[in-house]
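Student: Pasting a structure here, questions to come.
The values are calculated or read from the model by the stated rules, or taken from the named source; none is laboratory data. Quick caveat: nothing in here was measured; it's all calculated off a predicted structure. Neighbour counts run over all protein chains shown; Cβ positions are idealised from the backbone, glycine included. Quick note on the areas: whole protein, heavy atoms, side chains included, nothing else; ligands and nucleic acids left out. Shrake-Rupley method; radii C 1.70, N 1.55, O 1.52, S 1.80 Å.
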Amino acid sequence: MPVARRTSVVVVGLIGLFVGTPGASAAQGEPVDEPAQVTLVATAPEARHIGTTATVRARLTDAEGAPIADAPVTMERRDRQTDSWVVADDLVTDEDGAVSHDFTVQPRANRFRAVYAGDETHAPATSEPVGVRGERIDSTITLSGPARVVDERRVRLRIAWQADDGREISGRVRVLSKEAGTKRWSVVRTPRVRQGSASIRVRPRVDTVWRVVGPGSSWHRRDRSASHHIDNVPPGTPVRLPSSAPAPSIRLPAQSRAVGQGPNPVVSRIPNRVWSSMVGRSWHSGCPVGRSELRWIRLNYWGYDGYRYRGELVVNARVASRAVNVFESLYRDRYPVRSMYLVDRFGWSSKLRGANDYRSMSAGNTSAFNCREVVGRPGVRSPHSYGGSIDLNPWENPYVTRRGTFPNSWWLSRSHPRVAWRSSAHPVVQIFSRNGFRWGGGYRDYHHFQ
C-alpha cells in the first residue's frame, strides 16, 4: 500500500508538468497587436452673433497624420444646467477625415467637443473642448413721419427696427416726446413692434420733438432713434398787422385750445366758481342785474395766430342767443378775436367801481358784462352793467373820450380788414347789426356794441 501512494503523487506531478508546458510556449510566441493611436482635433470660430449659425469642425487622423475616413464621430455640447456633455450630432468622417456640425449660437453654452469611440485598429479619442463666444449684435431703430401737422389733425409716425445684419426685431418700444425748445422728455406710447415695424398716430398741439427707444435683449443691443421734429401749424390764417403797430401793453397767456367742432357754444347759468370770481369785481351790491339774470357763454373762436381757442363771456340772459349768433358768424367768416377772458381776471378798479376795464382794453381782451362806470365819465353807469354790451378787440379799436384815447391812439386813424373797423360798412359791424347790436362808432367807441 505505501508503494501505490507514491506512484500516484508522481503521476500528478508529471501531469502538472505536461500541462504547464504549452502555456510557457504561448507566452514566448508572437505578441497580439494593440490599437493604433489617433488624433482628433476640433475647431470653431472664436465668436459669432447670438442667434446666427456657427460651424464646429473636427478632423480625425492617424499617427502619421493621414485622414481616417468613414469613422463614426459624435459631436457633444456642454449642458450648463446639468454640467455634463450631451450628444449634439452623430456624424461620419469624409475622405479627409472631417466632420462638421452647424448650430445656433446662444448667449451661453456654446462649448463643443468631438468623440471617437475607436475600432479594432484605432484607439478611441476625445478632442479638446472648443467654445464660440456669443455676442450681441447692434440694432438700428428709426422714427419717420411728416415734418408738420395742421393743428387738431393727426399724423402717422412709423417705426422700423432691425439688427445690423438685416434681421427684423420684434418687441415693445418706448415713444418719447417733448415740446420744442424744452428739455424734459415724456413717454407717450409703448407700442409693440412686430417683425421690424410699427406705426402710431399722434395729434401734437404744439411744435414737438419725437424719439423712439428700443430696449436690448439677449441677442441684440438697445438703440435710440434720431430726433424727429414736427412743426404744428395753424388751421386758420394768422392776422397780418403792420410792422409798426404796437403790441398790447398787457400780455395774456394763450387761452385753452378749442373744444369740439365749429364754434361749439355752450350757454349756462353762472356756476359757483365763476360767480365767486365775479363778486367784488364785475358784480357788487347795487348792480342793476343779479346772478339769475346773467348767463355764462363758452365758445370757440379764431385767434390772431390762426389757431382755435375757447373763450368765455357773461351776458344778460335776454341777449345770450343773439350774442351766440354773433360769435358763430364771426367764427364762420373767420374774423379773429385777440382773447376772450372774463373781465374779472383784471381785478377791481376803484376808478371805474367795477372790474378793471383799463387793463382789459390794454390786453386787447374781448369782454361783456361789467357792472362799472363809463370809461372817462366818472359817475355815469356803463351799459355793460346790464349785460347787453360787448367790447370786441379793443386794442385795435380804441375809445376816444374827453379824457383821452383808450387803450392806444396809434390805431385811431387806421383800420384793418379783419380786426379793426372805422366804418359801419365793415363786415364785423354788419354781423353785429344783423343781430340787433348797435355799434359805438358814432361816438368813437369803436370796440363797443350794445
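Student: Any number yet on Rg/Rh for the chain, C-alpha, Kirkwood?
Tutor: Details: Rg = 47.9 Å, Rh = 30.7 Å.
For the chain, the value is 1.56.
Student: Hey, another quick one. Across the Cα atoms of the range 109-226, what radius of gyration and what greatest pairwise Cα-Cα distance (Dmax) are found, in Å?
Tutor: Just the Cα atoms of the range 109-226 yield Rg and Dmax of 23.8, 86 Å.
Student: Show me the trypsin sites (Lys or Arg not before Pro) within the range 256-351 that DSSP assigns to loop and that have at most 14 other Cβ atoms within 10 Å of their Cβ.
Tutor: Values: sites: ARG257, ARG269, ARG273, ARG281, ARG291, ARG295, ARG298, ARG308, ARG310, ARG318, ARG322, ARG332, ARG334, ARG338, ARG345, LYS351; in loops: ARG269, ARG281, ARG334, ARG338, LYS351.
Answer by residue number: ARG269, ARG334, LYS351.
Student: Separate question: With +1 on each Lys and Arg Cβ and -1 on each Asp and Glu Cβ, and nothing else charged, work out how big the dipole of the chain is about its Cα centre, in Debye to the nearest 20. List each step's numbers first, then the result.
Tutor: Working: 65 positive and 41 negative charges, 1284 e Å.
Using Cβ point charges on Lys, Arg, Asp and Glu, the chain gives about 6160 debye.
Student: With both partners inside the range 268-368, how many of the DSSP beta bridges are antiparallel, as a percent to the nearest 5? Could the numbers behind the result be given before it?
Tutor: Values: 12 of 13 bridges.
Given both bridge residues lie in the range 268-368, the antiparallel proportion sits at roughly 90 percent.
Student: For the range 45-196, what is the percent of antiparallel DSSP beta bridges, rounded to the nearest 5? Don't skip to the answer; put the middle values down first.
Tutor: Numbers: 37 of 40 bridges.
Approximately 90 percent, going by the DSSP bridge assignments.
Student: Report, to the nearest whole %, how much of the accessible area of the range 167-300 belongs to carbon and sulfur atoms, 1.4 Å probe, protein only.
Tutor: Details: 3520 of 7660 Å².
Reported share for carbon and sulfur atoms: 46 percent.
Student: Rolling a 1.4 angstrom probe over the protein heavy atoms, how many square angstrom per residue are accessible across the chain? Show your work: numbers first, answer last.
Tutor: Details: 23990 Å² over 450 residues.
That works out to 53 Å² per residue.
Student: Another question, if that's okay. For the range 236-287, evaluate the Debye formula with one uniform point scatterer on each Cα (no solvent term) and list log10 I(q)/I(0) at q = 0.18 Å⁻¹, rounded to two decimals.
Tutor: -0.98
Student: For the range 225-265, build the convex hull from the C-alpha positions and give me its volume per residue in Å³. Working shown, then result.
Tutor: Numbers: hull volume 8.2 nm³, N = 41.
Considering the Cα atoms of the range 225-265, their hull volume per residue is 200 Å³.
Student: Please compute one quarter of the surface area of the Cα convex hull for the range 304-345 and express it in square nanometres.
Tutor: Numbers: hull surface 13.3 nm².
Reported value for the Cα convex hull: 3.3 nm².
Student: Let's test this: bin the Cα-Cα distances of the range 304-411 at 5 Å from zero up to the farthest pair and state each bin's percent.
Tutor: 2, 12, 21, 26, 20, 12, 5, 1, 0
Student: Oh, and also: Among LEU342, TRP275, PRO246, which residue has its Cα furthest toward the positive end of the charge dipole of the range 243-346, with +1 on Lys/Arg Cβ and -1 on Asp/Glu Cβ?
Tutor: So the residue furthest toward the plus end is TRP275.
Student: How big is the equivalent ellipsoid of the range 202-251 along its three axes, where each semi-axis is √(5λ) from the Cα gyration tensor, reported in whole Å from largest to smallest? Could you put the intermediate results ahead of the total?
Tutor: Working: eigenvalues 380, 28, 16 Å².
Those come to 44, 12, 9 Å.
Student: What percentage of the solvent-accessible surface of the range 377-450, computed with a 1.4 Å probe over protein heavy atoms, is contributed by carbon and sulfur atoms?
Tutor: On the way: 1570 of 3230 Å².
Its accessible area is 49 percent carbon and sulfur atoms.
Student: From the convex hull of the Cα coordinates of the range 211-307, what is the mean projected area in square nanometres?
Tutor: Details: hull surface 53.7 nm².
It is 13.4 nm².
Student: Starting from the alpha-carbon convex hull of the range 362-450, give the projected area averaged over all orientations, in nm². The partial results should precede the final answer.
Tutor: On the way: hull surface 21.8 nm².
Taking a quarter of the hull surface, the average projection is 5.5 nm².
Student: Shifting gears a bit: Would you please state the base-10 log of I(q)/I(0) at q = 0.16, 0.19, 0.23 1/Å for the range 404-447, with intensities from the Debye formula using one equal scatterer on every alpha carbon?
Tutor: -0.41, -0.57, -0.80
Student: Please report the Cα spread of the range 49-134 along all three principal axes, rounded to whole Å, starting with the longest.
Tutor: Computed over the range 49-134, the largest-to-smallest principal extents equal 40, 24, 19 Å.
Student: Projected onto the charge dipole of the range 334-450 (+1 at Lys/Arg Cβ, -1 at Asp/Glu Cβ, origin at the Cα centre), which of SER413, ALA425, PRO378 gives the Cα projection farthest towards the positive end?
Tutor: Result: SER413, furthest along the dipole toward the positive end.
Student: I need the calculated FRET efficiency for the pair ASP96 and ARG221, taking r as the beta carbon distance and R₀ as 25 Å, to the nearest 0.05.
Tutor: Details: r = 39 Å, r/R0 = 1.56.
So the FRET efficiency works out to roughly 0.05.
Student: In deg cm²/dmol and to the nearest 500, what is the mean residue ellipticity at 222 nm of the chain if only DSSP H runs of at least 4 residues count, each as -39500 (n - 2.57), divided by the residue total?
Tutor: Details: 5 runs with 60 residues, N = 450.
Rounded to the nearest 500, the figure is -4000 deg cm²/dmol.
Student: I've got another one for you. With the cut-off at 24 Å, report for the range 255-348 the share of all Cα pairs above it, as a whole percent.
Tutor: On the way: 991 of 4371 pairs.
Tail fraction, whole percent: 23.
Student: Give the range of the longest stretch in the chain that excludes all GluC sites (Glu not before Pro) found in loop regions by DSSP and having at most 10 other beta-carbon atoms within 10 Å.
Tutor: Details: sites that count: GLU46, GLU64, GLU95, GLU120.
Within the chain, the longest run free of exposed GluC sites (Glu not before Pro) spans 121-450.
Student: Using a 1.4 angstrom probe on the protein heavy atoms only, could you order LYS178, LYS183 from most to least accessible area? Present the calculation step by step, with values, prior to reporting the outcome.
Tutor: Working: LYS178 40, LYS183 185 Å².
Output order, biggest surface exposure first: LYS183, LYS178.
Student: For the range 94-159, what are the per-bin percents of Cα-Cα distances with bins 10 Å wide, up to the bin holding the maximum?
Tutor: Final binned percentages: 13, 24, 17, 12, 11, 10, 7, 4, 1.
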